[in-house]
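Here is the structure we will look at.
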Amino acid sequence: MSHESDITTAEGFERAPSFSRRQWDLLDAALRLLDRNGLSEFTMRALADEVGLSPMAAYKHFDNQRALQLELWRECQNHLFDALAAVADKQRDAASAFMAVASAFVEYAVTYPNRYAFLFSDPFVREAASVQLIEDRRQDVWARLCGLVSAAQDARLFRDDQDAESLVVCTASLVRGLADNVLYARMLGCSDSAERAMRESGLARLRDLLIAR
């Protein structure tokens, strides 16, 4: 079964043609700063230093720090969505694709912990939801995840005692919890083997909850 359309990939996520090269340079530098230091140390001065501009020069390209951070949030969201799409498209059936997405989400959180924290931080989540372009992409991905679960139910691979969206909601909560637990264990100095076992057992429990009886 092909899944090329299950989750739309968006290489570069339709980078706005109205953005200048300098604006994209600033966004790329903002991603580097976020990955390195987290949002708490993110300032326009630090960003200007990263690209070799004067502190006030960055304001010529973005109205304020909040506007830049919202664009940065969008870049992080679409980087995550593209990662999920890439693994889903390689799977043999809808159930495998959905589980691959769950695994890829945890992998993303572990690989990019600062981006992950940023994506689920207030007030950016609420602010991003008010931007139609961002919300449309999120809704599209959500609908396609529900489509994967529905297809797995139709094929009798997933349980069918709940509707597809309810299972996606439940799964999203469990996967986020697993990602948070893995990151916490890593912060406490958990070994690589213990971390791997935690991830594998968490995903195995998730699959057990979804599998058809």
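Descriptive notes on the structure:
- Cα centroid separation, the range 23-38 to the range 131-192 (Å): 27
- Protein heavy-atom surface of the range 97-139, 1.4 angstrom probe: 56% of the accessible area is carbon and sulfur, with nucleic acids and ligands not counted.
- Semi-axis lengths, Å, the chain, gyration tensor of Cα atoms, sqrt of 5 times eigenvalues: 34, 21, 13
- Hz values of 3J(HN,Hα) by residue in the range 174-180 - Karplus curve (6.51, -1.76, 1.60), Gly and Pro given as x: 5, 5, 4, x, 5, 4, 4
- Degrees separating the helix 132-154 axis from the principal Cα axis of the chain, which is the longest one: 10
- Relative to the longest principal axis of the Cα atoms of the chain, the long axis of helix 21-37 lies at roughly 70 degrees.
- Once the Cβ-Cβ distance of Glu200 and Arg32 is raised to the sixth power relative to R0 = 35 Å, the FRET efficiency obtained is 0.65.
- Relative to the longest principal axis of the Cα atoms of the chain, helix 65-88 runs at roughly 30 degrees.
- Stokes-Einstein diffusion for the range 25-76 at 4 °C, viscosity 1.567 mPa s, with a Kirkwood radius from C-alpha pairs, works out to 121 µm²/s.
- Computed from phi, the 3J(HN,Hα) profile of the range 200-213 under the Karplus parametrisation 6.51, -1.76, 1.60 (θ = phi - 60°) reads 5, 5, x, 5, 5, 5, 4, 4, 4, 6, 8, 5, 5, 8 Hz, with x in place of Gly and Pro.
- Packing-based ranking, highest mean first, of 75-87, 171-183 given that Cβ atoms within 10 Å are counted: 75-87, 171-183
The values are calculated or read from the model by the stated rules, or taken from the named source; none is laboratory data. As the structure is a prediction and not an experimental result, all values here were calculated from the model. Backbone-built Cβ (ideal geometry, glycine too); neighbour counts: all protein chains shown. Note: areas computed on protein heavy atoms with side chains; ligands, DNA, RNA excluded. Shrake-Rupley method; radii C 1.70, N 1.55, O 1.52, S 1.80 Å.
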